[in-house]
Every structure is written in structure tokens, then in C-alpha cells.
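What follows is a single structure, written as C-alpha cells, with notes after it.
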Amino acid sequence: MSKPITVGITQGDINGISYELIIKTLLDARMLEVCTPVVYGSSKVLSYHRKLTPHGTEFNYNVIHQVEQAHARKSNILNITDQEIKVDLGEATAVAGQAALEALELASNDLLANKLAAVVTAPVNKRIMQSDQFHFSGHTEYFAEKTNTKDFLMLMVSGKLRIGTVTTHCALKDVSQKLSKNLILNKIKVLNQSLVTDFACTKPRIAVLSLNPHAGEG
């Protein structure tokens with residue numbers, strides 16, 4: 001069998017549902033058939049959540065300190081620090097924000113160094129992550145700047161359906177001010193290219209949906 005791709009998974013918000021999602025996902029043995037997962041986080045925080053997650057104690061993993069040490073076809077946790085990280089479930093704390101950012105930075109650096117095939121980001125609280133290193137409205141904008149990408153698109157994928165958003169992370173009242181013909185056309189071009197390159201759609205069919213929640217007559 002060919003060697004599975006190595007995928008980095010950021011720990012996200014340690015006070016939220018991130019570790020529960022990661023544990024439940026990686027408990028499915030089918031995941032290890034397609035990739036070697038490397039969770040960028042803390043083995044101590046993982047152990048904490050492992051005890052709280054249904055069937056979490058059945059989740060086995062290897063502790064590593066750099067991605068090259070990852071065991072193929074096994075789950076790996078890459079310690080971003082050996083220090084204790086305080087977990088306050090359900091709370092938005094600066095500690096959690098810093099931990100999420102550190103995991104994201106390390107994983108994205110390894111991705112750019114071609115040590116990972118892809119990065120999956122667990123949910124974060126973007127507000128508590130704000131700092132000199134993270135001044136973005138979301139992961140999409142972060143990766144765009146990190147990779148010096150000017151034309152980018154957020155995709156939501158389910159089955160054969162792919163939805164690209166023209167605007168991201170803004171209030172509904174601000175959408176109309178951000179829209180323009182050029183912006184819409186640019187996003188359609190990016191989506192078309194992605195469908196051809198990333199999803200092997202030789203002749204993509206793209207429909208444009210506008211959100212207009214009963215704006216009134218005229």
C-alpha cells in the first residue's frame with residue numbers, strides 16, 4: 001500500500017469543542033487509511049479532553065515533537081509546548097487564544113516547508129486570538145496572507161456541491177457595500193479554476209445565488 005499523506009490538524013480553542021471533534025474523528029479507523037494525522041497541540045490538554053469525551057479513553061496516539069517523527073497510519077500529537085496549559089471549559093481566555101495561534105503558526109510553517117500535504121483547522125475563537133501575529137477575521141484571510149495569495153475563496157463542500165462565498169466574516173448589513181460586479185466575477189473565476197484543478201470538473205456548472213432577505217418593493 002502507498003504511504004498515506006501527512007495531514008496537520010490544529011488544536012483550535014482548547015476551551016471549546018475542538019479536541020472532542022478531533023478525538024471523535026480520529027477514533028474512526030477509516031481516517032488512518034487515507035492519512036497520517038498530526039495534531040498540533042498539547043498531549044496534556046488532549047489527555048484532559050480524552051477523559052471527558054465519550055469513548056475518548058479508547059483513542060490511542062503517539063507523542064512527537066516534530067512532524068518528521070510522525071508514525072504512519074497512526075494518530076500523532078505534536079507538542080507545541082511542554083508547559084502546562086490551563087483549560088477553562090466554555091471560557092474565552094487569552095491563554096486559549098495564544099495556544100490556538102501557536103498551533104496554527106507551527107502547522108502552517110510545516111505546510112509551507114512541504115512537510116505536510118494539508119492543514120485542517122479545528123474551531124477557534126477568533127476574538128481571543130487577535131494579536132500582532134493574528135489580525136484577521138478568520139483562517140481564510142490568515143492563510144491568504146501567509147501564502148501571499150491575492151485571489152482566494154472560501155468553499156463549503158458537501159457531496160458534489162461546492163459553495164463559494166463572495167463575502168466572508170462580515171455583518172449582513174455590510175454585505176451590499178462590499179459587493180461589486182468585479183468582485184463577483186473575480187470569485188467566479190477563482191471558483192471555476194478550483195473546480196477544474198482541485199475537483200477534476202472538466203466543465204464546471206456555476207450558478208450565482210444572491211441573498212436578499214425581503215428587502216421590500218423597489
Looking at the stretch 48-75, I want the residues that are in a strand (DSSP E or B) and have a partner that is small (Gly, Ala, Ser) with Cβ atoms under 8 Å, at least 6 apart or on another chain. Which pairs are those? Asn62/Ala70; Asn62/Ser75; Val63/Ser43; Ile64/Ala70
Checking Pro204 against (1) touching a residue at least 24 places away in the same chain (Cβ under 8 Å); (2) more than 30 Å from Thr93 (Cα to Cα), only one condition comes out false. Which one? (1)
Of residues in the stretch 72-105 being small (Gly, Ala, Ser) and under 28 Å from Ile5 (Cα atoms), the one modelled with the lowest pLDDT: Ala72
Those residues of the stretch 99-110 which are in contact (Cβ under 8 Å) with a residue 12 or more places away in the chain, out of contact with any helix residue (DSSP H, G or I) (no Cβ under 7 Å at 6 or more places or on another chain) and farther than 15 Å from Thr140 by Cα, in sequence order: Ala99, Glu102, Ala103, Leu106
Before we move on, is Asn109 farther than 14 Å from Gln11 by Cβ and not in a loop (DSSP other than H, G, I, E, B)? yes
Name the single residue that is farthest from Ile80 (Cα to Cα) among those in the stretch 14-44 being among the β-branched types (Val, Ile, Thr) and open to solvent by 40 Å² or more (accessible area, probe 1.4 Å). Val34
Answer residue from the stretch 51-91, given it is in contact with a strand residue (DSSP E or B) (Cβ under 9 Å, 6 or more places away or on another chain), polar (S, T, N, Q) and open to solvent by less than 40 Å² (accessible area, probe 1.4 Å) and is farthest from Ser18 (Cα to Cα) among those: Asn62
Please enumerate the residues belonging to the stretch 1-13 that are open to solvent by less than 10 Å² (accessible area, probe 1.4 Å) and assigned to a strand (DSSP E or B). Gly8, Thr10
Within the stretch 92-104, how many residues turn out to be open to solvent by 50 Å² or more (accessible area, probe 1.4 Å) and within 17 Å of the chain's Cα centre (by Cα)? 2
Do the conditions hold for Gln177, that is, is it over 30 Å from Glu105 (Cβ atoms) and either free of Cβ contacts under 8 Å to residues at least 40 places away in the same chain or out of contact with any Phe, Trp or Tyr (no Cβ under 9 Å at 6 or more places or on another chain) (or both)? yes
Helices (runs of 4 or more DSSP H) enclosed by the stretch 120-218 - at least 3 residues per element that are open to solvent by less than 80 Å² (accessible area, probe 1.4 Å) and of a type outside the set (Ser, Thr, Tyr): 126-129, 139-146, 181-197
Looking at Thr140 and the list (1) touching a residue at least 24 places away in the same chain (Cβ under 8 Å); (2) touching a helix residue (DSSP H, G or I) at 6+ places or on another chain (Cβ under 9 Å), which single condition is not satisfied? (2)
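The values are calculated or read from the model by the stated rules, or taken from the named source; none is laboratory data. Quick caveat: nothing in here was measured; it's all calculated off a predicted structure. Ideal geometry is used to build each Cβ from the backbone, glycine not excepted, and the neighbour counts take in all protein chains shown. Remember, those area values only see protein heavy atoms, side chains included, never the ligands or the DNA or RNA. Shrake-Rupley method; radii C 1.70, N 1.55, O 1.52, S 1.80 Å.
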